[in-house]
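FYI, it's all coordinate maths here, none of it is from the lab. Not measured: the values here are computed from a predicted model. Every residue, glycine as well, gets a Cβ built from its backbone with ideal geometry; the counts of neighbours run over all protein chains shown.
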Amino acid sequence: MNIRHYRLIYRLIAYPCSIIMLIGCVSMPPSKPVYDHHTQAPPETIDDYRRRQIIRTATAMIGKPYRYGGTTPEQGFDCSGLVQFSHNQAGIRVPRTAAQQLQNAKSVDFNRLQPGDLLFFRINGKPTHVTIYLGGGEFIHAPSSGGRVRTEQVSKPYWRERLYGIGSFF
């Protein structure tokens, strides 16, 4: 076989294959993500993202010391300082004290409690303690002098008996 035969074979095979490949690429519709509510979770909302960010921030503070009036990781936290700091990191402004947070938060029914919502507790007869709900019956808080930021279960008798209300800044 000479060079002319190779060129002819090349043209007979290569050109049709190239054209078929080009037609296939051009005729394929662009793929779009399709949401199927029967098999998939709904797309994440900005509130879902912010709730997760609050939880990530707060849990990253586990072990930080309690400090009355504390609002930063460097100085430590009191209960409302941890709430304010965690919300601020998610772009949500909340008042400074537990009383102000309780007054300004939207009331939430216990059955609609979601991660990132706030649990308010009555200590010594007054609603003065605030925590961040994590989900699964667990919350995170800066407990009291000598303590460190930690998680607890709402179902413990001490906390269950003192639960005063639930609020949210969502």
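Each Lys or Arg adds one and each Asp or Glu subtracts one; over the other residues with Cβ under 14 Å from the Cβ of residue 65, this totals +2.
What does the net charge come to around residue 56 if you take all other residues with beta carbon closer than 13 Å to its beta carbon, with K and R at +1 and D and E at -1? Working shown, then result.
Numbers: positive: 50, 51, 52; negative: 48.
With Lys, Arg at +1 and Asp, Glu at -1, the neighbours total +2.
Taking 0.36 nm per residue of separation and subtracting the current Cα-Cα distance, fully stretching the chain between residue 126 and residue 156 would add 8.9 nm.
Computed from backbone phi with θ = phi - 60° and the Karplus coefficients 6.51, -1.76 and 1.60, the 3J(HN,Hα) list for the range 50-65 is 5, 4, 5, 5, 4, 5, 4, 4, 4, 5, 5, 8, 3, x, 5, x Hz; x is used for glycine and proline.
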